[in-house]
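Peer 1: Got a structure here, written out as structure tokens. Questions coming.
The values are calculated or read from the model by the stated rules, or taken from the named source; none is laboratory data. Not measured: the values here are computed from a predicted model. Neighbour counts are summed over all protein chains in view; Cβ atoms, including those assigned to glycine, are modelled from backbone coordinates with ideal geometry.
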Amino acid sequence: MPTELDRRAFLQSAAVATVAAATGARTALAQSDAPSAARPVVIASANGTNATAKAADMIASGADPLDAVVAGVGLVEADPNDHSVGLGGLPNEDGVVELDASVMHGPTHRAGAVAALRNIVHPAAVAQRVLERTDHVLLVGEGALRFARAHGFPETELLTDEARRIWLHWKETHSERDDWIAPPAGDKAQSWLQHVQTFTYGTINCCAVDAAGNVAGVTTTSGLSYKIPGRVGDSPIIGAGLYVDNAVGAAGATGRGEAVILNAGSFSVVEQMRGGLAPQDACLAVLKRISDRTKDPRLLDANGKPNYQVYFYAITRDGRYGSAAMWSNFGRRAEFSIYAAGRNRTEDAACLYEGRPA
Ligand code: ASP
């Protein structure tokens, strides 16, 4: 006999099918709607393939899922070639790298976060320390740095030479109405122009569930590049860039943080899963809501659709997973990293809209 939950799940998937038909949303068939017999399952943004592998390994050896995901994203935070996170992240408009991160632990329903943190390579580990060693959830700026110092985190210049030159190129070319002069043709930074465009946003989110169904997640980032100093994105905001509920699962976000904050993005994805939607459908439903609520003409393309990218990544406590993006190809193909059924790989994300903004 169908339960109330079955009925709701049926009505909601019918609603998502309608969303898909109306918008042309593409679903990615490889994503798993079936409970995975083999947990752990670890999901991450596309830049997190090493993170999912490491976290899955640690969980399989008995680590708590929170320790595992923080260690996993630590690999990306320390990678100077990833310009979206930690060391080598692109700086704010003054050329200073400011990092945001959050963690959330399902079994204890606790969270920790830091925002606008300077000079620390591993903000996710500092966020975990906030969770474990304070009665607070979010520390920012100078206070977050002093807390990190108190816990012995080493201070480092996070602006690599390459990130500095990309920033300088932006500074010298983004306006005709200032005193900065564009570099001569052939300047080395020219070859990084692609980074200037591609890495305007960028973050790593990673969520995991262990064999017992315990869930944890982390989101860590250098945020929007060339941001106004002090700007805080969605990544350290619990409910926006990350949310975990051990009774349901976890979700995280990357992309335009302002849109994710305004729609309580990750919390909403978890709530959609609580209501019965599969992870991928939950991600699509919240993307549709974000799209519908985007009213400012500045943020709309020629067809009235959002002119920015947002991704969601979601897992359930029983090992189902899914991811969806606003656009299937916003400068790069929409993908995500996944460890499931004993295999680490990249899969296509579903998308609300095909292609890129007009
Ligand atoms: N969501 C991040 C922020 O807005 C950036 C990103 O994910 O690309 O700070």
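Peer 1: Could you go through region 320-328 and let me know if any residue there is within 18 Å of the chain's Cα centre (by Cα), under 16 Å from Ala208 (Cα atoms), buried (at least 22 other Cβ atoms within 10 Å of the Cβ) and not small (Gly, Ala, Ser).
Peer 2: Narrowing region 320-328 to residues within 18 Å of the chain's Cα centre (by Cα): 321-328.
Restricting the remaining residues to those that are under 16 Å from Ala208 (Cα atoms) gives 321-323.
Then drop every residue that is not buried (at least 22 other Cβ atoms within 10 Å of the Cβ), which leaves 321-323.
Going one step further and asking which of them are not small (Gly, Ala, Ser), we end up with 321.
Checked region 320-328: at least one residue is within 18 Å of the chain's Cα centre (by Cα), under 16 Å from Ala208 (Cα atoms), buried (at least 22 other Cβ atoms within 10 Å of the Cβ) and not small (Gly, Ala, Ser).
Peer 1: Take region 243-282 and flag every residue that is among the hydrophobic types (A, V, I, L, M, F, W, C) and within 9 Å of the ligand (Cβ to nearest atom).
Peer 2: Ala253, Ala259, Val260, Ile261
Peer 1: OK, next. Might you check whether a residue that is surrounded by fewer than 24 Cβ atoms within 10 Å (Cβ to Cβ) and under 26 Å from Val41 (Cβ atoms) occurs anywhere in region 292-306?
Peer 2: The answer is no, given that none of the residues of region 292-306 is surrounded by fewer than 24 Cβ atoms within 10 Å (Cβ to Cβ) and under 26 Å from Val41 (Cβ atoms).
Peer 1: In region 66-92, how many residues are within 14 Å of the ligand (Cβ to nearest atom) and outside any helix (DSSP H, G or I)?
Peer 2: 9
Peer 1: Next question. Take region 299-314 and flag every residue that is without any contact (Cβ under 8 Å) to a residue 60 or more places away in the chain and part of a strand (DSSP E or B).
Peer 2: Leu300, Pro306, Val310
Peer 1: Evaluate region 335-354: report whether one residue or more is out of contact with any Pro (no Cβ under 9 Å at 6 or more places or on another chain), part of a loop (DSSP other than H, G, I, E, B) and among the polar types (S, T, N, Q).
Peer 2: no
Peer 1: I'm trying to understand the selection: among the residues of region 152-189, which are part of a loop (DSSP other than H, G, I, E, B), touching a Lys or Arg at 6+ places or on another chain (Cβ under 8 Å) and either at pLDDT below 90 or of a type in the set (Gly, Ala, Ser) (or both)?
Peer 2: Across region 152-189, the qualifying residue is only Leu158.
Peer 1: Within the group Arg274, Arg317, Arg343, Arg333, which residue is surrounded by fewer than 24 Cβ atoms within 10 Å (Cβ to Cβ), free of Cβ contacts under 8 Å to residues at least 24 places away in the same chain, under 21 Å from Ala211 (Cα atoms) and more than 14 Å from the chain's Cα centre (by Cα)?
Peer 2: Unique residue meeting the criteria: Arg343.
Peer 1: May I ask you to verify whether Ala240 is touching a helix residue (DSSP H, G or I) at 6+ places or on another chain (Cβ under 7 Å), of a type in the set (A, V, I, L, M) and either in a loop (DSSP other than H, G, I, E, B) or more than 14 Å from the ligand (Cβ to nearest atom) (or both)? First the steps, then the outcome.
Peer 2: Details: touching a helix residue (DSSP H, G or I) at 6+ places or on another chain (Cβ under 7 Å): yes; of a type in the set (A, V, I, L, M): yes; either in a loop (DSSP other than H, G, I, E, B) or more than 14 Å from the ligand (Cβ to nearest atom) (or both): yes.
When the stated conditions are applied, Ala240 passes them.
Peer 1: Same structure, new question: Only residues in region 84-105 that are farther than 28 Å from Ala63 by Cα count as the first member; pair them with residues that are outside any loop (DSSP other than H, G, I, E, B) and at pLDDT below 95, Cβ under 6 angstrom, at least 6 apart or cross-chain, and list the lot.
Peer 2: Gly88/Ala163; Leu90/Ala163; Pro91/Trp167; Gly95/Trp167
Peer 1: Against the definition (free of Cβ contacts under 8 Å to residues at least 40 places away in the same chain and surrounded by fewer than 24 Cβ atoms within 10 Å (Cβ to Cβ)), how does Ala63 come out, yes or no?
Peer 2: In short, yes.
Peer 1: Here's a follow-up. Condition test on Val126, is it in contact with a strand residue (DSSP E or B) (Cβ under 9 Å, 6 or more places away or on another chain) and either of a type in the set (A, V, I, L, M) or surrounded by fewer than 24 Cβ atoms within 10 Å (Cβ to Cβ) (or both)?
Peer 2: yes
Peer 1: Would you call Gly217 assigned to a strand (DSSP E or B), within 15 Å of the chain's Cα centre (by Cα), away from the ligand (no atom under 16 Å from the Cβ) and surrounded by 24 or more Cβ atoms within 10 Å (Cβ to Cβ)?
Peer 2: So Gly217 fails the test.
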